[in-house]
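Participant: Below is one structure. I have some questions about it.
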Amino acid sequence: MDWLQNLTADWDWNTFWPETLGKATGVIIGIMASWFLLIRRRLQSMNRLKSGDSDDVLFQAHYLVPVSTETTEHGPATRYQLLFRNVAEKKIVPQIYDNPAAAELVKTLGDQTSLNQPILPTQGTIGFEVLNDAASWMSGVMATSSNQRRVWLFCMTAEDRQVVRKRCVRCFLIRPEDLERFHDWNWCCDQVSVERPWHWFRVVALHRVARLYADQCRMHSHPAKSTAMPLVDDQSAHRRIVPLSLGLIETEHPICEPFELDWAALRSTPAGRQLILEEGPWPDGLSS
């Protein structure tokens, strides 16, 4: 024990205990701060999950499956059930856009949408590139598909975030002839059923997309100019609904019986009273 007595005899006890206590306090504070930040981040993640806020990007194809045929005063009328299915792996915004500025722009544009204007309001060259990157990613995923290729219309949407719980970007895919049917709101009401009651918002979104698509076809009915190249034109009025050649499956199977929507009741709600729903079939002679 002599060595221990010799060792402790040289210690300055007036500084030993304060230094030891100070270092121990620092370690404890560091541990507590780390746990606080970890728990805070965990709570923020839980709150985002509960509120439906996410960075997800979903790629969903839409199908109109015939249900029945009725005889009306105007002739036979086919009723359809609207189905929509994910056709690609779910991604998050940073996985699609490696540029942080582009990823942040997508999130910002998503908050500017509504059921009346469901398509992301991309503008200018940057907006064009944002849309083009998502379309290119989808085309790349389906490049090796064994299904027969055909034209699908592609657009980026973020349906009204006051109505849809999950706050994410949904990339719509739909065949041109199917989208043209949604141009007439009377047809949507009379001929379309859904799988779930809350899918009414998708019928409204497709109706609004069809109307916007008709406006786009009118605007771009003239032949493309040589100055319309991405890095030459400012792309201030670029197409937000673009055709893609994809090998998606041609049809889908319902997972439940058709649900008939009560549009009169839905339109009497606060959200329903704000909807812009227009009648009239796809204009004759308007090429898509």
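Participant: If I model a spin label at V67 and T108 as a point 7 Å from the Cα along the Cα→Cβ vector, what separation in nanometres do I get?
Facilitator: It works out to 4.2 nm between the two label points.
Participant: Moving to a separate point now. For labels at W198 and T125 in the simple 7 Å Cα→Cβ model, what's the distance in nm?
Facilitator: Result: 4.2 nm between the two label points.
Participant: Which number comes out as Rg/Rh for region 56-273 once both Rg and the Kirkwood Rh are worked out on C-alpha atoms?
Facilitator: Across region 56-273, the Cα-based Rg/Rh ratio is 0.97.
Participant: ³J(HN,Hα) across region 84-90 via Karplus (A = 6.51, B = -1.76, C = 1.60, θ = phi - 60°), whole Hz, x for Gly/Pro?
Facilitator: Couplings: 9, 9, 5, 10, 8, 4, 5 Hz.
Participant: If packing is taken as the average number of other Cβ atoms within 10 Å across a peptide's residues, how do 273-283, 186-196 rank, most packed first?
Facilitator: So the order, starting with the most tightly packed, is 186-196, 273-283.
Participant: So, by mean Cβ neighbours within 10 angstrom, what's the order for 79-90, 243-254 with the highest one leading?
Facilitator: Taking the mean over residues of other Cβ atoms within 10 Å, the ranking is 79-90, 243-254.
Participant: Once the Cβ-Cβ distance between R150 and L37 is put in as r, and R0 is 51 Å, what FRET efficiency do you end up with, to the nearest 0.05?
Facilitator: Efficiency at R0 = 51 Å is approximately 0.50.
We did not get these values from a lab; they are worked out from the coordinates using the rules stated. Quick caveat: nothing in here was measured; it's all calculated off a predicted structure. Using ideal geometry, Cβ is built from the backbone for each residue, glycine included, and neighbour counts are taken over all protein chains shown.
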